[in-house]
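Visitor: Next up is a structure, given as structure tokens.
The values are calculated or read from the model by the stated rules, or taken from the named source; none is laboratory data. Remember, predicted model here, so these are calculated numbers, not experimental data. No Cβ is skipped: glycine too gets one built from the backbone with ideal geometry, and neighbour counts run over all protein chains shown.
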Amino acid sequence: MWAFFSRRLRMWLILAIAVPLGGWLMGKVADLIEQRRGPNAVSRTLHQTRGWLQRRSKGPLAARTTEKDRPAR
């Protein structure tokens, strides 16, 4: 099926759907790990990765910031 999509459309699908979904999934896995074993290096790394992906995501799961939320330059 991928063969019928153009290269640009495939990249858009990955960035628009897979990256935000992956960030959400990493957060859920990190929450499950913290529930079972408490905060540890793996859960902190997954939370950091989720935050990094959400800040760079342009999809509906992206955190929205306003001018007052941004730090002063």
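Visitor: Counting just the residues of the stretch 32-61 that are of a type in the set (A, V, I, L, M, F, W, C) and under 13 Å from Gly22 (Cα atoms), which one comes out modelled with the highest pLDDT?
Guide: Looking only at the stretch 32-61, we keep the residues that are of a type in the set (A, V, I, L, M, F, W, C), and these are 32-33, 41-42, 46, 52-53, 61.
Filter once more, so that each one left must be under 13 Å from Gly22 (Cα atoms): 46, 52-53, 61.
Details: Leu46: 93, Trp52: 85, Leu53: 82, Leu61: 54.
Among those residues, the one meeting the criterion is Leu46.
Visitor: Of everything in the stretch 1-53, what is part of a helix (DSSP H, G or I) and among the small types (Gly, Ala, Ser)? Give them in sequence order. Before you say what the answer is, go through the steps one by one.
Guide: Let us first name the residues in the stretch 1-53 that are part of a helix (DSSP H, G or I), namely 2-4, 7-37, 41-53.
Ala3, Ala16, Ala18, Gly22, Gly23, Gly27, Ala30, Ala41, Ser43, Gly51 - these are the residues of the stretch 1-53 that are part of a helix (DSSP H, G or I) and among the small types (Gly, Ala, Ser).
Visitor: Could you go through the stretch 22-41 and let me know if any residue there is touching a His at 6+ places or on another chain (Cβ under 6 Å) and either in contact (Cβ under 8 Å) with a residue 40 or more places away in the chain or within 21 Å of Ser57 (Cβ to Cβ) (or both). Even if it seems obvious, please write down each step before you answer.
Guide: Kept after step one, since they are touching a His at 6+ places or on another chain (Cβ under 6 Å), are these residues of the stretch 22-41: 30.
From what's left, either in contact (Cβ under 8 Å) with a residue 40 or more places away in the chain or within 21 Å of Ser57 (Cβ to Cβ) (or both): 30.
Yes - at least one qualifying residue is present in the stretch 22-41.
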